[in-house]
Amino acid sequence: MALNRQKLAAALQQERKFTYLPFSLHLFETVSSTNQILWEELNSGAEPGCVVIATQQTCGRGQWGRQWMSPEGGLYLSVAIAPKLDATNSYQITLATAWGIARQLRNCGVPVGIKWPNDLVLISIPDIDTKTDLGTADVFNNYKKLGGILTETKVYNGLITQAVIGVGINWANPVPETGINLETWQANQHPKPISSLEMLTSTVLLGIESGIMTLFQEGVNILLSRYLELLTNIGDRVYVDNVAGTIVGVTPQGELRVLLSTSELKTVITPEIYLQPGTISLGYRKSSN
Ligand code: BTN
């Protein structure tokens, strides 16, 4: 399965309302990892806005050093930016990307939410159909993983000088039980919201651009409030060191805000704690439909 460059360029041009990132597109069928190829291109002088896209990876990288299974038929892409962001705020790039892609897909009619911190999830349609208020957390209860984001950075003097935003989206590739691909979901949609792999690619690229632009032009507080509107985890119960708590938000650094149940607290002064990405797994329900 190969991407058609002309069709992709046409889809991008048709939907683009502003140009914040000068996308220069490098298309491949199979690569080791689009993040790795993009770093190699940056080291050879490629500019911010350089994009590497493939439909198969042999050594896909996931969060926390995991492997990202990348069989043929998926969408795997990486975008380079030069953010000049304090390294302590690096997670903001991932939050902005997640929000931007989720919003862009929702605008096309795909019911996507965000699972903290970096998962794009497809929310099951029966839930949405039977609820009237789309803003409440229980609407988001039934979801499967559609994609993920891995941001890698180069830091100099405490500032991020280069960042590679890597995104994997399940298009037509096989997925585990907790995942879903768009082709399967779209089999019951008439008309199909995303008509081709080129349209999906263009939607994802424009989503990344709008997320990054929102972060750098409107600021992290506005970005965060929009991210939280699409977060599926708000109100969920979690256990931290055997103490029950409720997820109440995310900090500007990307930490999960958990309000511990005060009745169970003996020594903690403030009942709200912040959890770093990677220190707690929120998991997926099995066989959710
Ligand atoms: C996650 O673990 O949820 C994030 C996975 C991110 C995978 C993408 S696929 C394109 C890019 N290239 C990689 O090697 N990884 C990212």
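The values are calculated or read from the model by the stated rules, or taken from the named source; none is laboratory data. Just so you know, these numbers come straight off a predicted model, no measurement behind them. Cβ placement follows ideal geometry from the backbone for every residue including glycine, while neighbour counts extend to all protein chains displayed.
Here is a check on your reading of the model: is residue 152 of a type in the set (Asp, Glu) and closer than 16 Å to residue 93 by Cα?
Yes.
Do any helices (runs of 4 or more DSSP H) lying entirely in segment 137-244 carry at least 2 residues that are assigned by TED's automatic domain parsing to the domain that holds residue 67, of a type outside the set (Asp, Glu) and within 24 Å of residue 54 (Cα to Cα), and which ones are they?
Once the helices (runs of 4 or more DSSP H) in segment 137-244 are filtered for at least 2 residues that are assigned by TED's automatic domain parsing to the domain that holds residue 67, of a type outside the set (Asp, Glu) and within 24 Å of residue 54 (Cα to Cα), what remains is 182-186, 197-213.
Residue 62 - would you say it is within 11 Å of the ligand (Cβ to nearest atom), closer than 21 Å to residue 211 by Cα and at pLDDT 95 or above?
So residue 62 passes the test.
Filter segment 137-170 for residues that are of a type in the set (Phe, Trp, Tyr) and buried (at least 22 other Cβ atoms within 10 Å of the Cβ); which is farthest from residue 69 (Cα to Cα)?
Result: 140.
Among the numbered criteria (1) at pLDDT 95 or above; (2) more than 10 Å from the ligand (Cβ to nearest atom), which single criterion is violated by residue 84?
Unmet condition: (1).
Within segment 65-80, how many residues are farther than 14 Å from residue 162 by Cβ and within 11 Å of the ligand (Cβ to nearest atom)?
Going through segment 65-80 one residue at a time, the tally reaches 10.
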